[in-house]
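A.B. asks: Pasting in a structure now, in structure tokens, and then I'll have a few things to ask.
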Amino acid sequence: MSSETSNPSKKRQKVSLYDESWEQLPEFRDWLEKSENEDNARCRYCNKNIPIYLAGMEALRRHAQTRFHHSNVPVFYGPKPLDECVQEARELLEPIAKKYKWNARTKIHFVQAMASALPDSEIAQKLAADMSLVDIDDSDDSNDSD
Ligand SMILES: [Zn+2]
């Protein structure tokens, strides 16, 4: 317990200084770093000092919510190359297709629906493109007069 707060001669406003343990927090660790000035933190993405002496960690949260910060966050497609992700998605799909007894056509419909529902997912797009190249052996629904 600190007795400093009860000392009446200390009338300074509470000041937040940089705390290196913040760098371990998942919400900050990708971009937070120490500034030369300990009243400030620094955002690696924005190359910008963030004054923290008044609001402390709250100032970091506020910075992370700004449009400026979001525009500087690098886009990651995951640690793996796209082809590998597509292969994984395909392997995840397989047991589902088996369980519900989908034929090749159903599988392709599903993947295409997923691709149109997730237009910004490169994985879904690639998966759908790959799947549509697969030969459809659908003799089982040949009497479909659609
Ligand atoms: Zn930033």
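A.B. asks: Taking R0 as 25 Å, what FRET efficiency do you get between Phe68 and Ser121 from their Cβ-Cβ distance, rounded to the nearest 0.05?
C.D. replies: Calculated value: 0.45.
A.B. asks: Applying the Karplus parametrisation 6.51 cos²θ - 1.76 cosθ + 1.60 with θ = phi - 60° to the phi angles of region 65-75, what ³J(HN,Hα) value in whole Hz is obtained for each residue in order, glycine and proline being reported as x?
C.D. replies: Those phi angles translate into 8, 6, 5, 4, 5, 4, 5, 9, 6, x, 8 Hz.
A.B. asks: Modelled label-to-label distance, Lys48 and Ser132, 7 Å Cα→beta-carbon offset: nm?
C.D. replies: According to this spin-label approximation, the distance is 4.1 nm.
A.B. asks: Determine, for each peptide in 42-50, 19-27, the mean count of other beta carbons within 10 angstrom over its residues, then list the peptides with the highest first.
C.D. replies: Packing proxy ranking, top to bottom: 42-50, 19-27.
A.B. asks: Another question about this same structure. By the gyration tensor of its Cα atoms, with a ≥ b ≥ c the square roots of the eigenvalues, what is the shape of region 13-72: rounded for a/c under 1.5, prolate for a/b over b/c, or oblate?
C.D. replies: Numbers: a/c = 1.60, a/b = 1.44, b/c = 1.11.
Prolate, because a/c is 1.5 or more and a/b exceeds b/c.
A.B. asks: Under 5 Å between amide hydrogens, which residues at least 5 positions from Ile50 or on another chain qualify, with H placed 1.01 Å from N in the peptide plane?
C.D. replies: Excluding prolines and chain starts, which carry no amide H, the hits are Ala41, Arg42, Cys43.
A.B. asks: Is the shape of region 82-136 rounded, prolate or oblate, going by the alpha carbon gyration tensor and its root eigenvalues a ≥ b ≥ c, with a/c under 1.5 for rounded and a/b larger than b/c for prolate?
C.D. replies: Prolate.
A.B. asks: Too long at a 26 Å Cα-Cα cut-off: which of Lys99/Lys126; Lys34/Lys80; Lys48/Lys80; Lys98/Lys126? Walk me through the numbers before you get to the answer.
C.D. replies: On the way: Lys99/Lys126 24 Å; Lys34/Lys80 30 Å; Lys48/Lys80 30 Å; Lys98/Lys126 22 Å.
Lys34/Lys80; Lys48/Lys80, as the Cα separations exceed 26 Å there.
A.B. asks: Multiplying the sequence separation of Glu20 and Arg61 by 0.36 nm and subtracting their Cα-Cα distance, what value in nm do you get?
C.D. replies: 13.2 nm
A.B. asks: Compute the distance in nm between two label points, each set 7 Å from the Cα along the Cα-to-Cβ direction, one at Lys101 and one at Ser35.
C.D. replies: 6.6
Read-outs throughout are calculated quantities, based only on the coordinates presented, and are distinct from any laboratory measurement. None of the values given here were measured: they were computed from a predicted structure. Every residue, glycine among them, receives a Cβ derived from its backbone with ideal geometry; neighbour counts consider all protein chains shown.
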